[in-house]
Amino acid sequence: MKNKFFKIISLAILVLFVTSCTKTLDRKPFYDVTSANVYANFSNYKSILAKLYAGLAVSGQQGPSGRPDIFGIDEGFSSYLRQYWQLQELASDEAVIGWNDGTIKDLHNMTWTASNEFIRMMYDRIFYQVSLCNEFIRETTDDKLADRRITGSDLVEAKKFHNEAKFLRALSYYHAIDMFGSVPFVLETDPIGSFFPTQTSRASLFAWIETELKALESLLTPARQNEYGRADQAAVWMLLAKLYLNAAVYTGTARHSDCITYCNKIINAGYTLASEYRLNFLADNNTSPEMIFTVSFDGLRTKSWGAMTYLVHAPVGGNMNPTLWGINGGWGGLRTTKAIVNLFPSTTGTPDSRGMFHTSGQNLEIVDISQFTNGYPITKYKNLTSTGAKGSDPDGNFPDTDFPLFRLADVYLMYAECVLATNADKTTALTYINALRQRAYGNSSGNITATDLTLDFLLKERARELNWEAHRRQDLIRFEKYPGFAGFYTGSAYVWPWKGGVAGGVGVGSHRTLYPIPSTDIGANPNLVQNSGY
């Protein structure tokens, strides 16, 4: 089913040359043919929907480059997933990058400004994606479908596609609320034409996402019944759980009990842990039974110099043999800090299989970020299958590996965190955590007791289980280890190597818990107010 959907994605080239500018967020995308012609024929609908999913993965209309969705930056830098990963991981203790591309080092140094081009690209990608979703939703309303005489099974499918587009729009608005807080807000019901979108508050956007997802809960395909790579009920439940998990940050009011409710729905839907941790990060990870929603890739049909191509190539360098990762060469960029390495009992022959580090020829201490040999690369993402076969791209450039945006292990960890936050019975939570650790250790030697299960332990366990999966910045903010947020857990900020641009790490301003709205949009839209501190 993965290949079937990717054949459709490879045909999803209707949307061309849409620039992302907030003041024209409502703009109708430009097509080679008119929307009226495209939507008159139901056979086109799935290809257009596939473009919405592909918007999370690829950067334009001609893989891997040449016809970009968004102009003004190298196309490899512009992919949604690449920028999302960088803003969640480089601005934390989990990742550094050795390149001198523009202002990329400002992310880990936490010295970014509103002119940072990588922050701008994430912002632009979010609202480009929203604009595509709005257009599809607008063109697949009940009235439009009736006018086009779409009936029977085609009508049923069209409504499913409509609701999946709503989920994808909610996902992007969730990314907006997490990274930017108060943002411009436009729906399919807003007029098409030039106008300045108004800025909605973080709390209001939270309420809209919650309402939208609850409405979709009963409308999407039942959990585990949709084509691989497409959203279903469980994806909605997961996004609601993530929203509730971070509610204290987004609104000032904790919603841990609601998070538990939706974690239980996912757990009871029949997902199971993969037998081995590594199976979640390989070229055939679409077979993992714990995947809830992925950003999906195929080495022949979704070619991009960003996204998973970046995450597989960029941590390979030094004396590493690229063929062991199923690729034709390394880019010598990404490593982690000792703050993460030290969470594991050993880096060579570690009993915890999640401790995937390349140590040969590497220094644990990062004296100079620009030197690839300073810091340990994390080696979890590979373009090799579970049997050791290389991915489908014969040149070894573009991986088949899917990005695990939502997987069951995170649900177990969220459940345990919310149980501790509400002082509920730890028994079930302990079972879930020990299931993760038994898989990691291969036996019960890593099991913990109820006394060991604390919030501090869970933050560390999340880093062990979910490292380089784009959760860390959010986790540190929620646990109050980032600066400036005083919330439910009453934690304290901490430093890591090169935080604040200093080798040993220093504290930074509280405004760093949000990214700035790009100065380009502040200048373009008089309705926007910049986030505090920028």
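The values are calculated or read from the model by the stated rules, or taken from the named source; none is laboratory data. Predicted model, so just to flag it, every value in this text is computed and none were measured. Cβ sites come from the backbone with ideal geometry, for glycine too, and all protein chains shown count toward neighbours.
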Options 435, 450, 421; residue that is aliphatic (A, V, I, L, M), closer than 16 Å to residue 273 by Cβ and surrounded by fewer than 23 Cβ atoms within 10 Å (Cβ to Cβ) | 435
Quick one: how many residues across the range 167-206 are among the small types (Gly, Ala, Ser), closer than 16 Å to residue 532 by Cα, touching a residue at least 40 places away in the same chain (Cβ under 8 Å) and out of contact with any helix residue (DSSP H, G or I) (no Cβ under 6 Å at 6 or more places or on another chain)?
-> 0
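Name the residues in the range 29-86 that are under 17 Å from residue 307 (Cβ atoms), small (Gly, Ala, Ser) and either within 19 Å of the chain's Cα centre (by Cα) or at pLDDT 75 or above (or both), would you?
Quick first cut of the range 29-86, residues under 17 Å from residue 307 (Cβ atoms) only: 50-70, 73-86.
The next check asks that each one be small (Gly, Ala, Ser); those that pass are 50, 54-55, 57, 59-60, 63, 65-66, 76, 78-79.
Result: 50, 54, 55, 57, 59, 60, 76, 78, 79.
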Quick one: is residue 204 of a type in the set (Gly, Ala, Ser), loosely packed, with under 15 Cβ neighbours inside 10 Å and in a loop (DSSP other than H, G, I, E, B)?
-> no
Return the pairs, sorted by first residue and then second, in which the second residue is surrounded by 12 or more Cβ atoms within 10 Å (Cβ to Cβ), the first residue lies in the range 126-154 and is free of Cβ contacts under 8 Å to residues at least 40 places away in the same chain, the beta carbons are less than 7 Å apart, and the residues are 6+ apart or on different chains.
-> 145/155; 145/158
Residues of the range 111-149 satisfying the condition of being among the charged types (D, E, K, R) and in a helix (DSSP H, G or I) = 117, 120, 124, 125, 135, 138, 139, 142, 143, 144, 147
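How many residues are part of a loop (DSSP other than H, G, I, E, B) and on the phi > 0 side of the Ramachandran plot if we restrict to the range 152-193?
Of all residues in the range 152-193, those part of a loop (DSSP other than H, G, I, E, B) come to 180-182, 185-193.
If we keep only those that are on the phi > 0 side of the Ramachandran plot too, we end up with 181, 193.
So the answer is 2.
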In the range 242-267, how many are without any contact (Cβ under 8 Å) to a residue 60 or more places away in the chain and surrounded by fewer than 20 Cβ atoms within 10 Å (Cβ to Cβ)?
-> 5
For the range 418-428, state whether one or more residues are in contact (Cβ under 8 Å) with a residue 24 or more places away in the chain, of a type outside the set (S, T, N, Q), closer than 25 Å to residue 344 by Cα and touching a Pro at 6+ places or on another chain (Cβ under 7 Å).
-> no
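Going through the range 307-326 one residue at a time, which ones are of a type in the set (Val, Ile, Thr) and either at pLDDT below 95 or within 18 Å of the chain's Cα centre (by Cα) (or both)?
Residues of the range 307-326 of a type in the set (Val, Ile, Thr): 309, 312, 316, 323.
309, 312, listed by residue number.
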Would you confirm whether any residue within the range 138-157 is crowded, with 21+ Cβ neighbours inside 10 Å and either among the small types (Gly, Ala, Ser) or at pLDDT below 95 (or both)?
-> no
Scope the range 58-74; condition touching a helix residue (DSSP H, G or I) at 6+ places or on another chain (Cβ under 6 Å), hydrophobic (A, V, I, L, M, F, W, C) and over 15 Å from residue 127 (Cα atoms); matching residues | 73
Residue 400 meets each of (1) within 18 Å of residue 311 (Cβ to Cβ); (2) in a helix (DSSP H, G or I); (3) acidic (Asp, Glu) with one exception, condition (2)
Of the residues in the range 207-241, those that are among the polar types (S, T, N, Q), part of a helix (DSSP H, G or I) and either touching a residue at least 40 places away in the same chain (Cβ under 8 Å) or surrounded by 15 or more Cβ atoms within 10 Å (Cβ to Cβ) (or both) come to 233
Any idea which residue in the range 89-118 is farthest from residue 461 (Cα to Cα), counting only those that are surrounded by fewer than 24 Cβ atoms within 10 Å (Cβ to Cβ) and among the polar types (S, T, N, Q)?
-> 115
Considering 469, 480, which residue is out of contact with any Asp or Glu (no Cβ under 9 Å at 6 or more places or on another chain), in contact (Cβ under 8 Å) with a residue 12 or more places away in the chain and acidic (Asp, Glu)?
-> 480
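Can you go through 304, 360, 296, 288 and tell me which one is among the polar types (S, T, N, Q) and surrounded by fewer than 23 Cβ atoms within 10 Å (Cβ to Cβ)? Walk me through it before giving the result.
Details: 304 fails: surrounded by fewer than 23 Cβ atoms within 10 Å (Cβ to Cβ); 296 fails: surrounded by fewer than 23 Cβ atoms within 10 Å (Cβ to Cβ); 288 fails: surrounded by fewer than 23 Cβ atoms within 10 Å (Cβ to Cβ).
Sole residue among the options that is among the polar types (S, T, N, Q) and surrounded by fewer than 23 Cβ atoms within 10 Å (Cβ to Cβ): 360.
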Name the residues in the range 355-405 that are among the basic types (Lys, Arg) and over 20 Å from residue 344 (Cβ atoms), would you?
-> 390
